[in-house]
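Below you'll find the structure, written out as structure tokens, and then a few comments.
The values are calculated or read from the model by the stated rules, or taken from the named source; none is laboratory data. Computed from a predicted structure; not experimentally measured. Cβ placement follows ideal geometry from the backbone for every residue including glycine, while neighbour counts extend to all protein chains displayed. Accessible surface areas use protein heavy atoms only, side chains included; no ligands, DNA or RNA. Shrake-Rupley method; radii C 1.70, N 1.55, O 1.52, S 1.80 Å.
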Amino acid sequence: MNHQCVLTADEMRAAEAAADAGLSELMERAGAAVADAVWRYGGGRATLILCGPGNNGGDGYVAARLLKARGLDVRVAALRESRSELAIAARGAWTGPIESLADAKAAPVLVDALFGTGLARALEAEIAEPLARLIEAARFTLAVDLPSGVGSDDGNALGAVGADLTLALGCHKPAHLLHPAKGLCGDVRVADIGVRCVSQTAVIGRPVLSEPGPDSHKYRRGYAVVIGGAMAGAAMLSARAAMPLAGYVALVGGKRIGPDALVSRRWEDVADDARVGALLIGPGLGRGDKAKATLESALATSHPLVLDADALMLESAEIFKERDRPMILTPHEGEFAALFPVLSGSKLERARAAAVLANAVVILKGADTVVAAPDGRAAISAGAPGWLASAGTGDVLAGIATALLASGRDPFEAACAAVWLHSDAAQRAGPGLIADDLPRHLPEAIAACL
């Protein structure tokens with residue numbers, strides 16, 4: 001099992017159909033995983049399992065049967081009759097009574113097995129109201145695969161009430177990682193049910209970094225150039241963030257306000273220098289004619305580029321697509337909407353489409369950052385501290401990405417590694433962080449990847 005894999009509802013159904021074990025065995029394994037989780041986290045308390053009409057409900061019936069066999073006080077409430085062949089068989093194997101969802105009495109432990117993947121419409125009141133009542137009365141709620149009432153592929157909230165623990169069956173689904181659904185899942189644990197998960201989408205994991213070897217020197221480690229502009233502080237944040245990862249960082253056209261190891265260079269010194277591994281433009285650049293001319297000069301070079309902030313607001317995606325050199329774009333939602341106004345769909349779908357339109361790796365930032373490449377690869381952040389919603393933190397992320405790109409990494413891998421390091425540095429900085437804190441904690445984040 002690949003814990004980092006993320007499957008849509010259709011991909012999960014295909015993976016189940018292709019599994020060596022039959023679908024009946026997969027349901028038995030899923031139910032056993034749910035039963036184990038209830039046994040482990042429920043504290044032996046009385047448990048109510050809510051079963052829907054489909055296979056998610058079938059998993060619930062299996063869990064109820066296994067928990068009853070262990071001697072747990074377990075009850076079952078059903079929304080309606082089971083409709084799939086597997087769910088009908090699982091319900092038939094349950095020997096206890098079955099209450100109606102509407103009339104069910106609360107229990108200290110509640111298992112939500114009403115709906116799993118594939119839900120695309122809001123919960124009806126006849127479902128949402130008793131579900132909310134029972135969850136509110138419970139001490140602990142476990143959702144099977146997904147909390148009922150979230151869109152599995154887009155992460156939309158469709159009437160769900162948050163769970164304490166979500167047991168993802170086989171692998172992650174987009175809703176475990178995309179907001180607002182992510183906030184309703186509670187703690188997410190992945191249960192191995194014997195399904196081979198293969199996808200172009202993954203959870204962004206800890207990158208693998210290596211110490212410089214005996215043949216390393218500053219240029220081999222990566223020569224990163226940051227172009228300054230109207231706001232000196234933004235470019236300096238990017239430069240400081242690049243320095244722990246790159247062998248050589250230079251600032252062009254901005255006011256250098258430290259550290260001493262940061263080198264000042266003129267544009268003529270770096271424009272055609274083949275040693276430059278990557279160039280960052282955008283943080284603090286400005287949006288006037290001078291800024292636009294500077295951006296056009298950068299786009300005309302053969303250097304790999306990272307475009308952030310103002311650089312994303314001065315040109316169109318079509319202009320970016322004309323470049324045939326590696327490029328990373330780092331928009332937040334506002335910049336993304338301005339740059340790609342015609343795109344719609346889930347955050348994952350929009351990021352993928354934007355990567356193709358711009359022929360660049362796109363880091364669509366936010367609490368659920370998505371990285372997408374033109375070749376279809378995508379990755380979603382497992383989450384980052386909310387304290388990153390602070391001025392300048394995006395400039396730090398851009399600097400990290402530039403240093404990793406300058407070292408020769410594949411742009412998609414560089415972007416994913418940058419997102420992870422940025423988040424880890426924020427975790428280490430702690431509550432109340434400001435952007436200036438992040439570069440100081442980067443060496444600790446880097447050390448965790450060696």
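Observations on the structure shown:
- Angle in degrees between helix 9-18 and the longest Cα principal axis of the chain, rounded to the nearest 10: 70
- Nearest 10 degrees, 0 to 90: helix 55-69 Cα axis against the chain principal axis: 60
- Degrees, to the nearest 10: 347-358 long Cα axis against longest axis of the chain: 30
- Taken one residue at a time, the phi angles of the range 187-202 give Karplus couplings (6.51, -1.76, 1.60, θ = phi - 60°) of 6, 9, 10, 9, 9, 7, 10, x, 9, 7, 9, 10, 7, 8, 10, 9 Hz. Gly and Pro are set to x.
- Pairs of Cα atoms nearer than 8 Å and 6+ residues apart set the relative contact order; for the range 367-430 it is 36 percent.
- For the range 113-166, convex hull volume per residue from C-alpha positions, Å³: 64
- For the pair Ala14 and Glu268, the difference between a 0.36 nm per residue extended length and the Cα-Cα distance amounts to 85.9 nm.
- The range 48-196, relative contact order in percent, only Cα pairs under 8 angstrom and at least six apart counted: 19
- Accessible area per residue was computed with a 1.4 Å probe on protein heavy atoms; Ile98 scores about 60 Å².
- For the chain, the share of DSSP beta bridges that are antiparallel, to the nearest 5, is 15%.
- Working from Cα pairs under 8 Å separated by at least six residues, relative contact order for the chain is 13 percent.
- In a fully extended conformation the segment linking Thr95 and Arg275 would gain 57.5 nm over its present Cα-Cα distance, using 0.36 nm per residue.
- Unpaired by the 4.7 Å Cβ criterion, cysteines found in the chain: Cys51, Cys185, Cys416, Cys449
- Modelled FRET efficiency - R0 56 Å, Ala120 with Ala232, Cβ distances, 0.05 increments: 0.70
- Ranking Arg350, Arg65, Arg428, Arg275 by solvent-accessible area of protein heavy atoms (1.4 Å probe, all protein chains present), from largest to smallest, gives Arg275, Arg428, Arg65, Arg350.
- Our summary of shape: the Cα atoms of the range 192-264 have principal axis extents of 57, 36, 16 Å, ordered from largest down, in whole angstrom.
- Accessible surface of the range 95-247 [probe 1.4 Å, protein heavy atoms]: carbon and sulfur percent: 50
- Over the range 228-295, all Cα pairs binned in 10 Å intervals from 0 give whole-percent P(r) values of 21, 56, 22, 1, listed from short to long.
- Scoring 48-55, 19-26, 177-184 by mean Cβ neighbours within 10 Å over their residues and listing the highest first yields 48-55, 177-184, 19-26.
- Accessible surface, the range 212-326, averaged per residue in Å² (probe 1.4 Å): 46
- A cut-off under 15 angstrom between Cβ atoms defines the neighbours of Asp10, and their net charge, with Lys, Arg +1 and Asp, Glu -1, is -4.
- Ratio Rg/Rh, restricted to the range 380-449 and using Cα atoms, in which Rh is the Kirkwood radius: 0.94
- Of the listed residues Phe336, Phe140, the order by accessible area with a 1.4 Å probe, largest first, is Phe140, Phe336.
- Legend: calculated FRET efficiency, Asp289 to Ala447, from the Cβ-Cβ distance at R0 = 60 Å, rounded to 0.05, equals 0.85.
- Among Lys321, Lys347, Lys255, the order of accessible area from largest down is Lys255, Lys321, Lys347, computed with a 1.4 Å probe on protein heavy atoms.
- Inter-probe distance in nm under a simple model that places probes 7 Å from Cα toward Cβ, at Ala338 and Ser390: 2.4
- Relative to the current alpha-carbon distance between Glu129 and Ala300, full extension at 0.36 nm per residue lengthens the span by 55.6 nm.
- When Rg and the Kirkwood Rh are both derived from Cα coordinates, the Rg/Rh ratio for the range 80-169 amounts to 0.95.
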